[in-house]
Amino acid sequence: MTTTEQTTTGSAYGRLCALLAEQDAPYRLIEHEPQGCTELASELRGHDLAQAAKCLVVVVRPDKRTSRFVLAVVPGDRRLDLDKVRELGGGRKAGFASRETAERLAGCVSGTIMPFSFHPELELLVDEDLLHQDTLYFNAAKLDLSMALSTADYVRVTRPRTASISQ
């Protein structure tokens, strides 16, 4: 990992911890072998895949010259439905953002993107089925560190837009 990546990752992790402390939202950190794949990280963390918050940055294009970005969060055992994200975003097209764009907007490297948006151009959109879990698990802007957070606290802190966006 380059120095720039470490600084960016540390910054995102620091912002997350500061936000949760400010909002009095207790969490548990889980150290594990470096892993950015949701399925494998869930095994290392020891929880059901449906409790994993899989985070994907999507670009929605309402027209040829305009782009909007969405941080789509779905259960780890589901796939993102790009057509639903496109419809909700009022776009003609939708697709996954480039790795460079996703990392810039999320503030951390691919595989460590958290279900929180600290960038004004990145709208948070969470699959409503994920919110049926008591606890959410996700990488905490680091490949070797994850976080467990109650779903109630997640919703209270983020106030996400929710919809059915997974298959």
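What the table shows:
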| item | result |
| --- | --- |
| Residue in region 134-145 that is over 15 Å from C55 (Cβ atoms) and in a helix (DSSP H, G or I) present | no |
| Selected residue (only one of G90, G107, G36 is out of contact with any helix residue (DSSP H, G or I) (no Cβ under 6 Å at 6 or more places or on another chain) and on the phi > 0 side of the Ramachandran plot) | G90 |
| Condition broken by V155, with the remaining ones in (1) β-branched (V, I, T); (2) in a helix (DSSP H, G or I); (3) in contact (Cβ under 8 Å) with a residue 40 or more places away in the chain satisfied | (3) |
| Scan of region 136-162 for residues that are surrounded by fewer than 16 Cβ atoms within 10 Å (Cβ to Cβ), touching a Leu at 6+ places or on another chain (Cβ under 7 Å) and either over 16 Å from V126 (Cβ atoms) or among the basic types (K, R) (or both), ordered by number | R161 |
| E100 vs. criteria assigned to a strand (DSSP E or B) and either surrounded by fewer than 19 Cβ atoms within 10 Å (Cβ to Cβ) or of a type in the set (D, E, K, R) (or both) | no |
| Those residues of region 56-82 which are outside any strand (DSSP E or B) and modelled with pLDDT of 95 or more, in sequence order | G76, D77, R78, R79, D81, L82 |
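The values are calculated or read from the model by the stated rules, or taken from the named source; none is laboratory data. Please read these numbers as outputs of a predicted model, since none were measured by experiment. Every residue, glycine among them, receives a Cβ derived from its backbone with ideal geometry; neighbour counts consider all protein chains shown.
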